[in-house]
1. Among the residues of region 41-59, how many are open to solvent by less than 20 Å² (accessible area, probe 1.4 Å), of a type in the set (A, V, I, L, M, F, W, C) and part of a helix (DSSP H, G or I)?
2. Within region 107-134, how many residues are surrounded by 15 or more Cβ atoms within 10 Å (Cβ to Cβ) and in contact (Cβ under 8 Å) with a residue 60 or more places away in the chain?
3. Would region 135-153 turn up any residue that is under 18 Å from SER30 (Cβ atoms), open to solvent by 60 Å² or more (accessible area, probe 1.4 Å) and within 18 Å of the chain's Cα centre (by Cα)?
4. Show the residue pairs that are 6+ apart or on different chains and have beta-carbon atoms under 9 Å apart, the first residue being within region 91-106 and of a type outside the set (A, V, I, L, M) and assigned to a helix (DSSP H, G or I), the second being open to solvent by less than 90 Å² (accessible area, probe 1.4 Å) and at pLDDT below 85.
5. Identify all residues within region 8-40 that are closer than 16 Å to VAL142 by Cα and crowded, with 17+ Cβ neighbours inside 10 Å; write none if there are none.
6. Could you tell me which residue of region 75-90 is surrounded by the most Cβ atoms within 10 Å (Cβ to Cβ), considering only residues that are in a helix (DSSP H, G or I) and of a type in the set (D, E, K, R)?
Amino acid sequence: MDPRFDLFGNPVAMKFLRYINSAGKVIADSTLPGATQELVKIRASQINGCGFCTDMHTKDATAAGETAQRLHLVAVWREAKVFTDAERAALELTEQGTRIADAAGGVTDAAWENAAKHYDEDQLAALLSLIAMINAYNRVNVVVRQPAGDYQPGMFE
């Protein structure tokens, strides 16, 4: 499979992606737990059908020590006992924030209030920013059909 467009060879695309990466550093350096960050990126990428990001973030999570069991269960987190209440709140907010067009009212008050029970304001800001950021990355990669499978942890650092 070949991408429709060479994101990494185009100076405008690369400049845009560098700006998103800079925003990602703010999130990565926040107090939002790293494991939660990876779960959020994986779940949004699954929903959006972004193979490139799903590949990247499952490999990054594995390199950071995440278990195979938890990674295999991200897509069905509601039925899995391996996630904390805080992670479950983040995953719910991620799903609703990713599926805005599918929901007449957007993100529910219940989902927001549940996340706010588990995360302080800075963590909520990071979580909200992360959901927006991964959705942007997913859309870029899905539009150009960026192929998955070749990512190696740390290759974009």
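The values are calculated or read from the model by the stated rules, or taken from the named source; none is laboratory data. As the structure is a computational prediction, the values presented were derived from the model and not from experiment. No Cβ is skipped: glycine too gets one built from the backbone with ideal geometry, and neighbour counts run over all protein chains shown. In case anyone asks, the SASA skips ligands and DNA or RNA and just uses the protein heavy atoms, side chains included. Shrake-Rupley method; radii C 1.70, N 1.55, O 1.52, S 1.80 Å.
1. Result for region 41-59: 3.
2. Of the residues in that region, 10 qualify.
3. no
4. That search, which allows pairs on different chains as well, returns GLN96/ALA103.
5. LEU17
6. GLU87
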